Amino acid sequence: MSRAHPVGAPDPADTRPRAEVEREVFLAGLGAGLGDSRDLPLDSHLHTIRSPDANAMLEAYCVLAVERGIAELAITDHVDFDPTMPAYGFASFADRERDVREAAARWADRGLAIRFGVEVTYERRYEEDIRGWLLRHPHDYVIGSVHVSAESPYKAFNVASFVAGHSLPEIVEPYFDEVIGAARSGLFDTIGHLDFVKRYLIPHVLPSQLAAAPELYEPVLASLVESGTALEVNASGLRQLPRETYPAPAIVSRYRELGGRHVTIGSDAHRTEWFTYGLSRAYGAVAGAGFEALAFRRGGTRVDVALPTGLLM
Ligand SMILES: [Zn+2]
Ligand SMILES: [Zn+2]
C-alpha cells in the first residue's frame with residue numbers, strides 16, 4: 001500500500017494562508033479515513049485548554065478514547081521557558097496535575113488510563129532551567145520539542161530570506177542542531193515531532209526534497225540512539241502542510257536500522273476533532289519499520305507497550 005497522503009503533496013504555487021490550507025488537508029484526510037483510528041493502545045501526545053494554542057477539554061478526549069478503544073492517553077500540555085513564548089507561565093504545574101489526576105481517577109474503572117505528561121519547548125540556552133524545573137516537578141512522561149520562536153529563521157517573515165542563498169543542509173541545520181541538543185541533554189523521554197521544521201519550510205523546501213536527502217537526518221537519529229531517547233512518530237503532520245507524519249515512515253525505518261529501539265506515537269491533538277487523527281497511519285509506520293512495541297513511561301522506569309497485531313501498513 002502506498003504511503004502517499006490521500007490528498008497528495010503540497011503545491012508550491014498555493015499561496016493561501018496556512019490555516020486555510022491545513023483545514024482543507026484535514027477535511028480531505030477525514031474523507032480518506034484518517035479520522036478512523038480505533039483499538040490502539042496509546043496516544044502519547046495531547047493538549048488541552050491548559051495549553052495556550054489548544055481548546056480541547058480533557059473530558060472530551062476521554063469520552064472519545066473509550067468510544068474508539070484507545071486504552072491509554074498522555075496529556076502533554078505545553079511548558080515554555082522563553083518568556084516571549086505563549087506557554088511561558090500559562091498554566092501552573094498544580095492545575096495541570098490536578099486536572100489529569102482527577103480525570104485518571106474518574107475514568108480508571110472504564111478501562112482508560114491517563115498519564116500526566118508535559119511537552120517542554122527545548123532551547124539550548126534554557127537547558128539548565130529546564131533540568132532544574134523537571135527535577136522539582138515530576139511527570140509520568142516528558143516530551144522535549146523544538147518549536148519556532150519569534151526569533152527563529154523559520155518564522156513566516158524570516159523564512160524566505162533565510163532559505164535564499166542557503167543549501168539544504170544549511171537550511172535545516174539550526175533546527176536539527178537544537179534537536180540534537182535536546183536528545184543529548186538526556187532530559188526527555190522522547191523528542192516531539194522530530195522534523196516539525198518541514199511545516200515552516202513549505203513552499204520553499206518541500207517534504208519530497210527532505211525525503212531525497214535522508215543523510216541530513218542521520219546525526220539527529222544518531223543522537224537519539226546514543227542517548228536512548230525515544231523517537232516520536234507524530235501524526236499531526238498528516239493534517240498540516242506536509243501531509244505526512246513527523247518524521248516520515250522512511251525515517252522511522254532508518255532510525256531502526258541505525259539501532260534505534262525506542263519509539264512512541266502521538267496525535268498531538270489541540271482540538272477535540274483532531275483526537276487520534278492519523279494515529280493508525282503512525283502505528284503503520286512504526287510496525288512497518290519492524291518495531292513490536294512502543295516505549296513509554298508511567299512515572300517510573302520505561303515500559304514497553306505492545307503494538308496490536310494486524311496493523312495496516
Ligand atoms: Zn510541539
Ligand atoms: Zn504538542
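Every number in this text was worked out from the coordinates using simple rules, so none of it is lab data. Note that the coordinates shown come from a computational prediction; the quantities given were computed from them, not determined experimentally. Positions of Cβ are generated from backbone atoms using ideal geometry, with glycine treated the same way; all protein chains shown enter the neighbour counts.
Here are some notes:
- Convex hull projection area averaged over all views, segment 237-313, Cα basis, nm²: 5.8
- Taking a ≥ b ≥ c as the square roots of the eigenvalues of the alpha carbon gyration tensor, segment 1-133 is oblate, as a/c is not under 1.5 and a/b does not beat b/c.
- Global form of segment 83-166, assessed from the alpha-carbon gyration tensor, a/c cut-off 1.5: prolate
- Fraction of the pair-distance distribution of the chain above 24 Å, Cα-Cα pairs, percent: 49
- Considering only E232, E292, E128, the Gaussian network model of the chain with Cα springs below 10 Å gives its largest mean-square fluctuation to E128.
- Debye, to nearest 20: dipole size of segment 178-231, +1 on Lys, Arg Cβ, -1 on Asp, Glu Cβ: 180
- Most fluctuating residue given options F291, F196, F93, as computed from a GNM of the chain linking Cα atoms under 10 Å: F93
- M57, M85 arranged by Cβ crowding within 10 Å, fewest neighbours leading: M57, M85
- Each eigenvalue of the Cα gyration tensor of segment 139-276, multiplied by 5 and square-rooted, gives one semi-axis; in descending order these are 22, 18, 15 Å.
- Selected from L206, L135, L221 as most flexible by GNM, with the chain as the system and alpha-carbon contacts under 10 Å: L135
- Theoretical ellipticity at 222 nm over the chain - DSSP helices of four or more residues, -39500 (n - 2.57) apiece, nearest 500: -11000 deg cm²/dmol
- Two-decimal Rg/Rh across segment 130-171, once Rg and the Kirkwood Rh are taken from alpha-carbon atoms: 1.23
- Values of log10 I(q)/I(0), in the order q = 0.28 Å⁻¹, for segment 163-209 under a Debye, Cα-only, solvent-free model: -1.07
- For the chain, share of DSSP beta bridges that run antiparallel, in % to the nearest 5: 20
- With contacts taken as Cα pairs under 8 Å at a separation of at least 6 residues, the chain carries a relative contact order of 22 percent.
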